[in-house]
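Taking it in order: structure first as structure tokens, then the write-up.
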Amino acid sequence: MCDSTAGCSLSGAGALHSTNVNLAKAAQNGFLSELAPARVAALRPHLRPAELAAGALIHRAGEPANYVHFLEGGLARTFAGSSAGNVIGTSLVGMEGVLGLAAVLAGQPAAESAHMLAPGRALRIEAGAFRRLCREEADLSLAASCELARQNAELQIELGCCAHHTISQRLARALLAAHRKLPGEPIPVTQEDLALMLGVQRTTVTALARQLKREGVIAYGRGSVRVRDERRLETASCGCGGVRATAGSVGGWDHLERRSRTK
Ligand SMILES: [Zn+2]
């Protein structure tokens with residue numbers, strides 16, 4: 001749930017009923033920019049802008065997601081927990097991504113928590129309105145399914161990465177991913193944040209980050225990391241990547257969009 005007291009707020013009083021989201025703005029999100037204009041036009045009357053502060057809770061595991069958020073800037077992270085109470089980061093989501101999709105489509109509590117790591121903004125649609133549109137618009141429903149398939153493929157990659165790659169490689173990969181989603185900006189993470197994301201002890205992250213700093217790969221201060229040598233960070237990373245570039249192979253996205261854009 002996006003709670004204004006937690007730092008998430010609509011941009012201006014009365015925005016819920018008066019904001020007119022135009023196509024150019026909608027295209028800033030990866031999912032929306034790949035959607036055929038007719039599908040965006042169906043969504044547009046329901047999309048509302050939201051400013052998302054660092055730390056803003058998007059939705060909490062075990063609770064319904066009240067909105068689908070299409071990020072247009074900033075960086076979000078998702079966490080899943082175990083029955084033992086441990087948590088681990090499951091994904092970093094930038095302006096390419098969508099939050100709350102699985103829980104909203106299923107009408108079920110969210111499996112993961114999501115909140116903002118770096119402040120940003122999103123277009124969001126109320127859960128019931130999105131489900132209704134998906135029932136009415138077969139191509140929108142298919143596009144949402146493709147996005148879910150992409151997110152699932154990324155989770156499979158994450159699972160393999162956790163099982164087979166070293167903590168050092170995973171740390172480099174996480175920093176590289178965050179750096180590329182926030183180009184030119186410092187990554188607003190503490191070593192505790194990174195430890196939580198990787199599911200390891202903070203002291204482990206401290207030692208590894210110190211090594212990367214000594215080698216001139218990163219610099220860090222209070223609550224932020226800056227990448228100084230992207231190429232060497234890439235070399236230090238395991239190389240596990242996202243799947244957006246190959247989303248067509250995951251869910252037939254390219255085929256759908258070629259067909260939709262002719263309508
Ligand atoms: Zn990996």
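Any read-out appearing in this document is the output of simple, stated calculations on the displayed coordinates, not a laboratory observation. Predicted model only: the values in this text are computed from it and were never measured. Note: ideal-geometry Cβ built from the backbone for every residue, glycine included; neighbour counts use all protein chains shown.
Could you list which residues have their amide H under 5 Å from that of Val225, counting only those 5 or more apart in sequence or on another chain, with H placed in the peptide plane?
The list, which skips near neighbours in sequence, is Ile187, Val189.
Sort Lys181, Lys213 by Cβ crowding within 10 Å, fewest neighbours at the top.
Lys213, Lys181
So what does the Cα-only Debye profile of region 58-142 read at q = 0.11 Å⁻¹, as log10 I(q)/I(0), no solvent term?
-0.30
If I take the Cα coordinates of region 114-233 and project them onto the principal axes, what are the three extents in Å, biggest first?
56, 31, 26
Based only on other Cβ atoms within 10 Å, what is the fewest-to-most ordering of Phe70, Phe31? Present the calculation step by step, with values, prior to reporting the outcome.
On the way: Phe70 27, Phe31 22.
Result, fewest neighbours first: Phe31, Phe70.
What distance in nm separates the simple spin-label points at Ile88 and Ala111, each placed 7 Å from Cα in the Cβ direction?
1.4 nm
How do Met197, Met116 rank when sorted from fewest to most other Cβ atoms within 10 Å of their own Cβ? Each step should come with its number before you reach the end.
Values: Met197 24, Met116 28.
The order, fewest Cβ neighbours first, is Met197, Met116.
Along the Cα→Cβ direction, 7 angstrom out, place labels at Ala41 and Arg202. What is the inter-label distance in nm?
5.4 nm
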